[in-house]
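Scroll down for the structure; my scribbles are underneath it.
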Amino acid sequence: MPHVTFVSMSGFRIKEAELAALGMSLPGLTSRAKSIAALPPLGLLTLAGLTPDHWSMSLHEASEVTGDLVDRIVGETPTLVAISALTASIIEAYALADTLRSQGAPVVLGGLHVTACPEEASRHADAVVVGDGEPTWQTLLTDSEQGKLRPVYRSSKPFDLSEAPLPRFDLLGEQSRPRFTLQASRGCPFACDFCAASRLLGPFRSKPAARIRDELAVIKEKDPRPFIELADDNTFALGGPHEEVLDVFAEADVRWFTEADWRLGENPRLLERLASSGCVQVLVGLESLVHDHKGMGAKQTSMARMMDAVEAIQETGVAVIGCYIVGSDGETHDSLDRLSSFLDSDPCADAQITLQTPFPGTALRRRLEKEGRILEDCDWSHHTLFDVTYRPDRMTADEMAAGFRQLLIDAFGAGPTRRRMQIRRETWGRNPAFAGGDHP
């Protein structure tokens, strides 16, 4: 029986030692880091759902490459090892792939980073998957069985989400998860210059409500009262209708989180149904106080209008995580101070603050490379969203790192964390999903 070993390089990463130590001491950062690190690897579980019955399978979630991990994988005598990693962990994934190949295990690499850098990845793998993995997966497995892997597998068209398989959540074992992942849409119709997900995997697509219903049923077999995190970039990016999907979530009686843009707050028809469907939290990209990113399209507006939308969303009982990107062109010491002051009183129930990061495949990276502003001593492992990887236009890299560090201290200390927690409690007090008063 052929065997495929799936390996997800997971975990929360920060390279700068001082910032890493700081992050673990700030309550507001620590809780979100733990949630992200514990998310199931949905991409690999989806491929597992497409794997023919005559294959056996196993899953390893690894935050680092160790001798024990290598021994466990090799001990399974896999026909194929499928490794997925984000940019910050891709060097570790390459090291693992090199080690496994040296011991005779064929390796395939895939994911967003590999899609953006297939030639680089191919130096560490027997095969790479470019773009959506689903359309070529079964062909790849057949080739693997025959010992005839091709160097590159590239789908001829975007994957139709109506054909999505049921993810193999059973591979997660019996350990409970704080959140389960489900994808209701893929991609984004906008082309924000800092974002790779909106373009690397093709056009924006939505999954039919019937498929979502089936996936929720599988998740509830593992956990009757799961918390669902949608692996979407912008769930409500297009006008809808969304009623059928919201009905499915309501019927499933689950609590869920997703990402959307601020225009959600100006859609009363959608807002009317959101909380009653079980939605308790949305992450909204507010981006920057100083820079208008290219490609934002209809998302581009004033901060005042976005704050009005945030308040409208939270009035329905759905908490908003305001997402800010620090370090865009025009950022200065003064602008960081203004953001810190703004965060002292903004209405958002939570905040996510990251550094502008020039990921491969983005318009941002292409521009910074052309301008000679990528830091030469920063390899992919520095692309964490928390480490400076480029030369800012109005500050030095060290000044930006220090300013970002101080901003996190100001924004995620005990006092600000208590204030946002109180906003969440007040917001969730209006949400029918917490009618029993059992919100955090």
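The values are calculated or read from the model by the stated rules, or taken from the named source; none is laboratory data. Every value quoted in this text rests on a predicted model; they were computed, and no experiment measured them. Every residue, glycine as well, gets a Cβ built from its backbone with ideal geometry; the counts of neighbours run over all protein chains shown.
So the values come out like this:
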quantity: Ala275 being under 18 Å from Ile423 (Cα atoms), out of contact with any Lys or Arg (no Cβ under 6 Å at 6 or more places or on another chain), part of a helix (DSSP H, G or I) and in contact (Cβ under 8 Å) with a residue 60 or more places away in the chain; calculated: yes
quantity: Criterion violated by Ala309 - all others in (1) surrounded by 15 or more Cβ atoms within 10 Å (Cβ to Cβ); (2) within 26 Å of Phe404 (Cα to Cα) satisfied; calculated: (2)
quantity: Sole exception among (1) surrounded by fewer than 18 Cβ atoms within 10 Å (Cβ to Cβ); (2) more than 23 Å from the chain's Cα centre (by Cα) for Thr354, by number; calculated: (2)
quantity: Answer from Gly415, Gly361 - the residue that is at pLDDT below 95 and either over 27 Å from Ala191 (Cα atoms) or assigned by TED's automatic domain parsing to the domain that holds Arg13 (or both); calculated: Gly415
quantity: One residue from Thr301, Thr235 being free of Cβ contacts under 8 Å to residues at least 40 places away in the same chain, in a loop (DSSP other than H, G, I, E, B), under 27 Å from Leu343 (Cα atoms) and of a type in the set (S, T, N, Q); calculated: Thr301
quantity: Only one of Leu19, Leu47 that is in a helix (DSSP H, G or I), in contact with a helix residue (DSSP H, G or I) (Cβ under 8 Å, 6 or more places away or on another chain) and modelled with pLDDT under 95; calculated: Leu19
quantity: Test: residue in region 199-215 that is in contact with a helix residue (DSSP H, G or I) (Cβ under 6 Å, 6 or more places away or on another chain), modelled with pLDDT under 90 and not polar (S, T, N, Q); calculated: yes
quantity: Hits in region 131-176 - residues which are closer than 24 Å to Pro106 by Cα, of a type in the set (D, E, K, R) and loosely packed, with under 12 Cβ neighbours inside 10 Å; calculated: Lys148
quantity: Any pair with Cβ under 6 angstrom, 6 or more apart, that starts in region 51-75 at a residue that is closer than 20 Å to Tyr94 by Cβ and ends at one that is β-branched (Val, Ile, Thr) and in a helix (DSSP H, G or I); calculated: Val70/Thr99
quantity: Tally of residues being closer than 19 Å to Pro41 by Cβ and of a type outside the set (A, V, I, L, M, F, W, C) across region 154-181; calculated: 12
quantity: Within region 194-249, tally of residues that are among the charged types (D, E, K, R), more than 28 Å from Leu364 (Cα to Cα) and touching a Leu at 6+ places or on another chain (Cβ under 9 Å); calculated: 6
quantity: Residue satisfying condition, being under 24 Å from Ala116 (Cβ atoms), out of contact with any Ser or Thr (no Cβ under 8 Å at 6 or more places or on another chain), in contact (Cβ under 8 Å) with a residue 24 or more places away in the chain and surrounded by fewer than 20 Cβ atoms within 10 Å (Cβ to Cβ), within set Arg367, Arg373; calculated: Arg367
quantity: Conditions (1) over 30 Å from Gln103 (Cβ atoms); (2) surrounded by fewer than 21 Cβ atoms within 10 Å (Cβ to Cβ); (3) of a type in the set (Ser, Thr, Tyr): number failed by Ser185; calculated: (2)
quantity: Hey, Ser122 of a type outside the set (Asp, Glu), surrounded by fewer than 17 Cβ atoms within 10 Å (Cβ to Cβ) and either touching an Asp or Glu at 6+ places or on another chain (Cβ under 9 Å) or closer than 23 Å to Phe204 by Cβ (or both) or not; calculated: no
quantity: Those residues of region 326-355 which are acidic (Asp, Glu) and either within 20 Å of Thr396 (Cβ to Cβ) or outside the structural domain of Arg373 (by TED's automatic domain parsing) (or both), in sequence order; calculated: Asp329, Glu331, Asp334, Asp337
quantity: Qualifying positions in region 71-122 - in a helix (DSSP H, G or I) and either among the acidic types (Asp, Glu) or not assigned by TED's automatic domain parsing to the domain that holds Gln146 (or both); calculated: Asp71, Glu92, Asp98, Glu119, Glu120
quantity: Some residue of region 196-206 being surrounded by fewer than 22 Cβ atoms within 10 Å (Cβ to Cβ), in the same structural domain as Ile321 (by TED's automatic domain parsing) and on the phi > 0 side of the Ramachandran plot; calculated: yes
quantity: Selected residue (criterion: farthest from Ala38 (Cα to Cα)) from residues of region 217-229 that are surrounded by fewer than 21 Cβ atoms within 10 Å (Cβ to Cβ) and of a type in the set (A, V, I, L, M, F, W, C); calculated: Ala217
quantity: Residue check for Ala62: in the same structural domain as Leu44 (by TED's automatic domain parsing), more than 25 Å from Cys195 (Cα to Cα) and surrounded by 20 or more Cβ atoms within 10 Å (Cβ to Cβ); calculated: yes
